[in-house]
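Colleague: The following block contains the structure, expressed as C-alpha cells.
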Amino acid sequence: MDKRKKVIFSGIKPSGDLTLGNYIGAIKNWVKLQDDYECLYCVVDLHAITVRQEPKELRQRTLEVLAIYIASGIDPQKSTLFIQSHVPAHSEGGWLLNCYTYMGELSRMTQYKDKAQRYGDSISAGLFNYPVLMAADILIYNTDLVPVGKDQKQHVELARDIANRFNNLYSPTFTIPEPYIATTGQKIMDLQDPSKKMSKSDENPNGYILIMDPPEVIRKKINRAVTDSVGEVHYSDEQPGVKNLMNILISLSGTTAEEIEKKYAGKGYAEFKKDVADAIIAELEPIQKRVKEILADKDYLESVYKAGAEKAQYMALKTLRKMQKKIGFIPPAK
Ligand code: TYM
C-alpha cells in the first residue's frame, strides 16, 4: 500500500437497481481515479436498510452492485472493493460520531427533508441518522477525497463538520475530507421530469435508465424523454430536458455542448435522441455482458469481497481504536 497516495472512499446503496445517474455521477469517475489514489469502493448495504428491503433482493443486488463496479472497470487489484456490513467498524464508528452530531444539523439535510415529506411519521430513525453513518464511512479511512454526485455534497460537508468538531475537542484524529464532483454529469435528471434528479427509487420507470436495461428499453426511454417545443438542440436552462440529454452525451462521448449544438443545428430532436441512445447502449452493453459473467462466478466475487473487507477492516480499526482512546474508553485487555 502506497502511503503517499491520497485516500478516496465512495459507495452506492444497493437499495434499487442502479441507474445511469449512478454510473455517470459516480462509477465512471471512480474508474479514472484508481491509478493515482488509494481507492476504497464500498457497497453500502447498511445504508440500504434505511428503507425496507426484501432480504432476497438485497442479497442479489448487493452482489450485482459489486459486479457492476468490476464490470465498469474498477480493478480489485488496484482498488479495495468490499461490502459495508463486513467491516463492523462502520457501525461502531457511526455510533460514536452520532454523539458528536446535532439533531439540528441532521434535520437540515435536504435529502432527509425530502424523504420525511414522502414517508411522514413512519420515517425510520435510520433515515435521519444516515449521514452520520456516511461520515463514519468516510472518516474511518482518513479519506482525502469523496467522489460523489452533487446530491451528496451536503453529506460530505457534514462529515467535514463532524471531523473538525472531534479534532478540536480532542486532538487531530481525522483527515478533513473534500467532496470531489466531476464537472459534467454531476446531476443527471429524470427523463420525464427534468427538474428532479434521476433516481432508482422513482415510481415511473420511464424517468430513469438502469445500467442493466436492455438496448431496446434504453431506446424507448430516450425516445419518450421529455423535451420541449423549441425544436432546437441548445444547452440552456430554458430547455432542461434537452440539456440533460446533452449532459449524458457529453459525459459518455467526451464531446462539448458547442459541438453538439453545431451537429444538430436545424435538425429537430429525432436524430439527436437516436445518437444519445446509441451512446448509452455503446457504453452499457459491454458492461452488462461482463456483469452477467461475473455474477455467474460466485467464487471469484467472494474472493474479491473477502480480500477487500480484510484490507478495509485493517485500515478502519486503526482509526476506530484512536477514536475510542481519545473519547476515554478502556482499551480491551490483551
Ligand atoms: P446513492 O446510492 O443514492 O448514489 C450513489 C452515487 O451516485 C450518485 N448519483 C447521481 N449522480 C448524478 N446524477 C444522478 N441522478 C445521481 N443519482 C445518484 C450519488 O451522488 C452517489 O455518488 N449516501 C450515499 C452513499 C454513501 C456514500 C458513503 C457515498 C454511503 N456512504 C460514503 C460516499 C461516501 C447514497 O445514498 O448514494
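Colleague: Scan region 303-334 for residues that are modelled with pLDDT under 95 and of a type in the set (Gly, Ala, Ser) and jot them down.
Modeller: Within region 303-334, just 333 meets the criteria.
Colleague: May I pose another question? Sort through 192, 154, 239, 186 and tell me the only one that's in contact (Cβ under 8 Å) with a residue 24 or more places away in the chain and out of contact with any Gly (no Cβ under 6 Å at 6 or more places or on another chain).
Modeller: Working: 192 fails: out of contact with any Gly (no Cβ under 6 Å at 6 or more places or on another chain); 239 fails: in contact (Cβ under 8 Å) with a residue 24 or more places away in the chain; 186 fails: out of contact with any Gly (no Cβ under 6 Å at 6 or more places or on another chain).
Residue meeting the stated conditions: 154.
Colleague: Could I ask something else about it? Could you please find all residues in region 69-87 being within 20 Å of residue 134 (Cβ to Cβ) and touching a residue at least 60 places away in the same chain (Cβ under 8 Å)?
Modeller: Within region 69-87, 80, 81, 82, 83, 84, 86, 87 meet the criteria.
Colleague: So residue 141 fits all but one of (1) closer than 20 Å to residue 312 by Cα; (2) more than 13 Å from the ligand (Cβ to nearest atom); (3) aromatic (Phe, Trp, Tyr); what number is the exception?
Modeller: (2)
Colleague: Could you figure out which of (1) modelled with pLDDT of 95 or more; (2) farther than 17 Å from residue 24 by Cα isn't true of residue 204?
Modeller: (1)
Colleague: A follow-up question, please. Going by what's in this entry, would residue 321 be described as touching a residue at least 24 places away in the same chain (Cβ under 8 Å) and either outside the structural domain of residue 210 (by TED's automatic domain parsing) or open to solvent by 90 Å² or more (accessible area, probe 1.4 Å) (or both)? Walk me through it before giving the result.
Modeller: Working: touching a residue at least 24 places away in the same chain (Cβ under 8 Å): no; either outside the structural domain of residue 210 (by TED's automatic domain parsing) or open to solvent by 90 Å² or more (accessible area, probe 1.4 Å) (or both): yes.
The answer is no for residue 321.
Colleague: Among the numbered conditions (1) more than 14 Å from the ligand (Cβ to nearest atom); (2) over 30 Å from residue 144 (Cα atoms); (3) touching a helix residue (DSSP H, G or I) at 6+ places or on another chain (Cβ under 7 Å), tell me where residue 283 comes up short.
Modeller: The failed condition is (2).
Colleague: Right, something else. Would you mind finding the one in 217, 226, 230 that is in contact with a Gly (Cβ under 6 Å, 6 or more places away or on another chain), open to solvent by 10 Å² or more (accessible area, probe 1.4 Å) and away from the ligand (no atom under 14 Å from the Cβ)? Write out each step before concluding.
Modeller: On the way: 217 fails: in contact with a Gly (Cβ under 6 Å, 6 or more places away or on another chain); 230 fails: in contact with a Gly (Cβ under 6 Å, 6 or more places away or on another chain).
Of 217, 226, 230, the one residue that is in contact with a Gly (Cβ under 6 Å, 6 or more places away or on another chain), open to solvent by 10 Å² or more (accessible area, probe 1.4 Å) and away from the ligand (no atom under 14 Å from the Cβ) is 226.
Colleague: For residue 290, which of the numbered conditions (1) under 21 Å from the mean Cα position of the chain (by Cα); (2) of a type in the set (Lys, Arg); (3) within 24 Å of residue 191 (Cβ to Cβ) fails to hold?
Modeller: The one condition residue 290 does not meet is (3).
Colleague: Pull up region 176-196, narrow it to residues that are touching a helix residue (DSSP H, G or I) at 6+ places or on another chain (Cβ under 6 Å) and outside any loop (DSSP other than H, G, I, E, B), then point me to the one that is nearest to the ligand (Cβ to nearest atom).
Modeller: 189
Colleague: Under the condition of being among the charged types (D, E, K, R) and open to solvent by 60 Å² or more (accessible area, probe 1.4 Å), which residue from region 171-192 is farthest from residue 37 (Cα to Cα)? So that I can check it myself, show each step before the final result.
Modeller: In the first step, residues of region 171-192 are kept if they are among the charged types (D, E, K, R); the result is 178, 187, 190.
The next check asks that each one be open to solvent by 60 Å² or more (accessible area, probe 1.4 Å); those that pass are 178, 187.
Working: 178: 14, 187: 24 Å.
Among those that are among the charged types (D, E, K, R) and open to solvent by 60 Å² or more (accessible area, probe 1.4 Å), it is 187.
Colleague: Can you name every one of the helices (runs of 4 or more DSSP H) wholly within region 77-132 that holds 1 or more residues which are in contact with a Pro (Cβ under 7 Å, 6 or more places away or on another chain), over 21 Å from residue 315 (Cα atoms) and open to solvent by 50 Å² or more (accessible area, probe 1.4 Å)? Steps first, please.
Modeller: Numbers: elements: 89-98, 103-107, 110-119.
In region 77-132, no matching helices (runs of 4 or more DSSP H) lie anywhere.
Colleague: Here are 282, 257, 270: which of them is open to solvent by less than 20 Å² (accessible area, probe 1.4 Å) and either of a type in the set (Gly, Ala, Ser) or in contact with a strand residue (DSSP E or B) (Cβ under 9 Å, 6 or more places away or on another chain) (or both)? Break it down stepwise before answering.
Modeller: Working: 282 fails: open to solvent by less than 20 Å² (accessible area, probe 1.4 Å); 270 fails: open to solvent by less than 20 Å² (accessible area, probe 1.4 Å).
None of the other options fit; the residue is 257.
Colleague: Identify, please: which residue in region 35-68 is open to solvent by less than 10 Å² (accessible area, probe 1.4 Å) and touching a Ser or Thr at 6+ places or on another chain (Cβ under 7 Å) and is, among those, farthest from the ligand (Cβ to nearest atom)?
Modeller: Restricting to residues being open to solvent by less than 10 Å² (accessible area, probe 1.4 Å) and touching a Ser or Thr at 6+ places or on another chain (Cβ under 7 Å), the top hit is 39.
Colleague: Which one of these does residue 195 not meet: (1) in the same structural domain as residue 105 (by TED's automatic domain parsing); (2) open to solvent by 60 Å² or more (accessible area, probe 1.4 Å)?
Modeller: Among (1) in the same structural domain as residue 105 (by TED's automatic domain parsing); (2) open to solvent by 60 Å² or more (accessible area, probe 1.4 Å), residue 195 violates only (1).
Colleague: Residue 108 fails exactly one of the following numbered conditions: (1) touching a residue at least 60 places away in the same chain (Cβ under 8 Å); (2) more than 15 Å from the ligand (Cβ to nearest atom). What is the number of that condition?
Modeller: Looking at each condition in turn, residue 108 falls short on (1).
Colleague: Here are the criteria: (1) open to solvent by less than 20 Å² (accessible area, probe 1.4 Å); (2) not assigned by TED's automatic domain parsing to the domain that holds residue 64. Tell me which single one residue 312 does not satisfy.
Modeller: Going through the list (1) open to solvent by less than 20 Å² (accessible area, probe 1.4 Å); (2) not assigned by TED's automatic domain parsing to the domain that holds residue 64, residue 312 breaks only (2).
Colleague: Moving to a separate point now. Is it the case that some residue within region 164-174 is near the ligand (Cβ under 8 Å from one of its atoms), touching a helix residue (DSSP H, G or I) at 6+ places or on another chain (Cβ under 8 Å) and not basic (Lys, Arg)?
Modeller: Let us first name the residues in region 164-174 that are near the ligand (Cβ under 8 Å from one of its atoms), namely none.
No; the residues of region 164-174 include none that is near the ligand (Cβ under 8 Å from one of its atoms), touching a helix residue (DSSP H, G or I) at 6+ places or on another chain (Cβ under 8 Å) and not basic (Lys, Arg).
The values are calculated or read from the model by the stated rules, or taken from the named source; none is laboratory data. Here the structure is a predicted model, which is why all the values come from computation and not from measurement. When we count neighbours, we look across all protein chains shown, and the Cβ atoms used for this are built from the backbone with ideal geometry, even at glycine. To get the accessible areas, we keep the full protein, side chains included, count just its heavy atoms, and leave off ligands, DNA and RNA. Shrake-Rupley method; radii C 1.70, N 1.55, O 1.52, S 1.80 Å.
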